[in-house]
Amino acid sequence: MKKILLFFIALIFNNIQAQEVKTLTYFQNDTLKLDLDLYLPKKKSNEKIPLIMFAFGGGFSGGERTSEKNFGMFMAENGYAVASISYSLYMKGKDFGCKGTLTEKIKAIQIGVSDMWQATSFLIENADKYNLDSSKIFISGISAGAEIGFHASFWDYKLMNLYKSNLPENFKYTGFIGGSGAIQDINLITKEKAIPMLLAHGSNDETVPYSAGSHRSCPTNASGWLILFGSYAVYNHMQDLHKDVELITFCGGGHEFSGYLFHDGQQYVLDFVNDVLKGKKFESHLIVPSKKGKGSGKYLFCD
């Protein structure tokens, strides 16, 4: 029993030693201070470290950058850096649902995206200091964070950025990992702009549409009505473009699966970034049957 206890203590110690975490301020002015937690492999290497930017979920009104620290530690243990960012919670105290205001919803996304761009440029500027490979930067997020990731990848930077223009000319993220996210205009994803994607979504998500639909399932006459294109719509669009994409569908599942890739599905993320960096081509749709015993009548593959 004593040997087993010592083994687990050693295992925990080794995991702690496998990575280090640095808290850095990436943006500050008279009214706002934004930090990020940078998870780095403990083992030093001569090779530059690929980076994964991460944005938490919470409807642009709540959430913490520390919520997915296990994901950061897991990826650091496997040789990757993860930057989990804080961003402006513009909708805090406001209605992000059907009774909200469309322009306020879009503004919340734009501010979050601009913060992500600021965090990305900060780490590019400091890449040598932390041994980061600025040519291999992935972007990821959960729910609202995935919406940040989608729009940061495909919005026009010069048009939509709210801060100083400081990303390199023609900058492009290496890949996108999204949990239950969506994009406002699917046509922003063009053959030229498309990047490899790993997506996961519940087919019955009533918060963020799985396919094309309204945010929070709002009726068309609602003041907060916002059309979004979710993971399944993006998957089909990427197929049409003949671009690399993987989708995990939880048949009958709702928004509770938004964090799957960063919790139980961490190995999928690791395999994805490894495959992208190796230049592998892929296209897959993993269908996970509903544990409730029924799927969704909308999609034949769920029956």
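Kindly check whether there is at least one residue in the stretch 104-111 that is among the charged types (D, E, K, R), under 30 Å from ASN221 (Cβ atoms) and crowded, with 23+ Cβ neighbours inside 10 Å. It would help to see each step written out before you state the result.
From the stretch 104-111, those among the charged types (D, E, K, R) are 104-105, 107; that's our starting set.
Among the residues that remain, those that are also under 30 Å from ASN221 (Cβ atoms) are: 104-105, 107.
With crowded, with 23+ Cβ neighbours inside 10 Å added as a condition, the list becomes 105.
Checked the stretch 104-111: at least one residue is among the charged types (D, E, K, R), under 30 Å from ASN221 (Cβ atoms) and crowded, with 23+ Cβ neighbours inside 10 Å.
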(request) Being at pLDDT 95 or above and either outside any helix (DSSP H, G or I) or within 17 Å of the chain's Cα centre (by Cα) (or both) narrows it down to one of THR31, THR25, so name that one. (result) THR25
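Yes/no per residue for (1) touching a residue at least 60 places away in the same chain (Cβ under 8 Å); (2) of a type in the set (S, T, N, Q):
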site	(1), (2)
ILE142	yes, no
LEU162	no, no
SER165	no, yes
ASN170	no, yes
(request) Mind counting the residues in the stretch 252-266 that are surrounded by fewer than 21 Cβ atoms within 10 Å (Cβ to Cβ), in contact with a helix residue (DSSP H, G or I) (Cβ under 9 Å, 6 or more places away or on another chain) and farther than 17 Å from ILE139 by Cβ? (result) 2
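Does any residue of the stretch 154-166 turn out to be part of a loop (DSSP other than H, G, I, E, B), among the aliphatic types (A, V, I, L, M) and surrounded by fewer than 18 Cβ atoms within 10 Å (Cβ to Cβ)? Give the derivation first.
Of all residues in the stretch 154-166, those part of a loop (DSSP other than H, G, I, E, B) come to 155-156, 161-166.
Adding the requirement that they be among the aliphatic types (A, V, I, L, M) leaves 162.
Next cut, surrounded by fewer than 18 Cβ atoms within 10 Å (Cβ to Cβ) only: 162.
Yes, the stretch 154-166 has at least one match.
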(message) Looking only at the stretch 49-69, filter to residues that are over 18 Å from SER180 (Cβ atoms) and more than 15 Å from the chain's Cα centre (by Cα); which one of those is surrounded by the most Cβ atoms within 10 Å (Cβ to Cβ)?
(response) PRO50
(request) Give me a count of the residues in the stretch 196-225 that are open to solvent by 10 Å² or more (accessible area, probe 1.4 Å), assigned to a loop (DSSP other than H, G, I, E, B) and among the aliphatic types (A, V, I, L, M). (result) 1
(message) Here are the criteria: (1) without any contact (Cβ under 8 Å) to a residue 60 or more places away in the chain; (2) part of a helix (DSSP H, G or I); (3) open to solvent by 40 Å² or more (accessible area, probe 1.4 Å). Tell me which single one ASN46 does not satisfy.
(response) (2)
(request) Look through ASP95, ASP115 and report the one residue that is within 25 Å of VAL208 (Cα to Cα), among the acidic types (Asp, Glu) and open to solvent by 50 Å² or more (accessible area, probe 1.4 Å). (result) ASP95
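Only one of TYR235, TYR299 is touching a strand residue (DSSP E or B) at 6+ places or on another chain (Cβ under 9 Å), modelled with pLDDT of 95 or more and open to solvent by less than 50 Å² (accessible area, probe 1.4 Å); which? Walk me through it before giving the result.
On the way: TYR299 fails: modelled with pLDDT of 95 or more.
Exactly one of TYR235, TYR299 is touching a strand residue (DSSP E or B) at 6+ places or on another chain (Cβ under 9 Å), modelled with pLDDT of 95 or more and open to solvent by less than 50 Å² (accessible area, probe 1.4 Å), namely TYR235.
Mind checking which residues of the stretch 132-147 are within 15 Å of the chain's Cα centre (by Cα), of a type outside the set (S, T, N, Q) and within 15 Å of TYR39 (Cβ to Cβ)? Talk me through it step by step, then tell me what you get.
Our first condition is that a residue be within 15 Å of the chain's Cα centre (by Cα); within the stretch 132-147, this holds for 137-147.
Now narrow it down to the ones that are of a type outside the set (S, T, N, Q): 137-139, 141-142, 144-147.
Once the filter is applied, which keeps residues that are within 15 Å of the chain's Cα centre (by Cα), of a type outside the set (S, T, N, Q) and within 15 Å of TYR39 (Cβ to Cβ), the stretch 132-147 yields ILE137, PHE138.
Yes/no per residue for (1) in contact with a helix residue (DSSP H, G or I) (Cβ under 9 Å, 6 or more places away or on another chain); (2) within 30 Å of LYS99 (Cα to Cα); (3) not in a loop (DSSP other than H, G, I, E, B):
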{"site": "LEU228", "(1), (2), (3)": "yes, yes, yes"}
{"site": "GLU246", "(1), (2), (3)": "yes, no, yes"}
{"site": "GLY279", "(1), (2), (3)": "no, no, no"}
{"site": "HIS285", "(1), (2), (3)": "yes, no, yes"}
{"site": "SER290", "(1), (2), (3)": "yes, no, no"}
{"site": "LYS298", "(1), (2), (3)": "no, yes, no"}
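The values are calculated or read from the model by the stated rules, or taken from the named source; none is laboratory data. Worth saying up front: this structure is predicted, and the values here are computed from it rather than measured. Because the Cβ atoms are built from the backbone with ideal geometry, glycine has one as well, and the counts that use them run over all protein chains shown. Heavy atoms of the whole protein, side chains included, go into the accessibility calculation; ligands, DNA and RNA do not. Shrake-Rupley method; radii C 1.70, N 1.55, O 1.52, S 1.80 Å.
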